[in-house]
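Below: the structure, in structure tokens.
The values are calculated or read from the model by the stated rules, or taken from the named source; none is laboratory data. Predicted model only: the values in this text are computed from it and were never measured. When we count neighbours, we look across all protein chains shown, and the Cβ atoms used for this are built from the backbone with ideal geometry, even at glycine. These accessible areas exclude ligands, DNA and RNA; they are computed on the full protein's heavy atoms, side chains included. Shrake-Rupley method; radii C 1.70, N 1.55, O 1.52, S 1.80 Å.
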Amino acid sequence: MSEQAERIFEQALQLPSPERADLAERLLESLAPETDPRIDALWAAEAESRIAAFKRGELRDYSAEEVFARISGG
């Protein structure tokens, strides 16, 4: 980390918790890539397709308990 970043970090640690949380959220948001409307449209179409398949009985649902049991090997 650069000296400037280290100084900013040390200053940020002096902020009250809610302000640090807000700062952290804003910093993380600044790292998020801009969304591409074409990709958003493709994901929306995929979601609609999966919903339709579920309604037709081609996909089944799983409870949270089933999912967690499966991934924990139970």
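Key figures
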read-out	value
Residue among 73, 43, 53 farthest towards the positive dipole end of the chain, charges placed on Cβ	53
Of [x] 17.2; [y] 13.0; [z] 12.1, the label for Kirkwood radius over Cα pairs in Å derived from the coordinates	[x]
The chain, helix-only ellipticity at 222 nm - DSSP H runs n ≥ 4, -39,500 (n - 2.57), divided by all residues, nearest 500	-23000 deg cm²/dmol
Protein accessible area in the chain, 1.4 Å probe - carbon and sulfur %	58 percent
Accessible area expressed per residue, the chain, with surrounding protein chains retained (probe 1.4 Å, Å²)	94 Å²
Segment residue 20-residue 62, length gained on full extension (0.36 nm per residue, minus Cα span)	11.3 nm
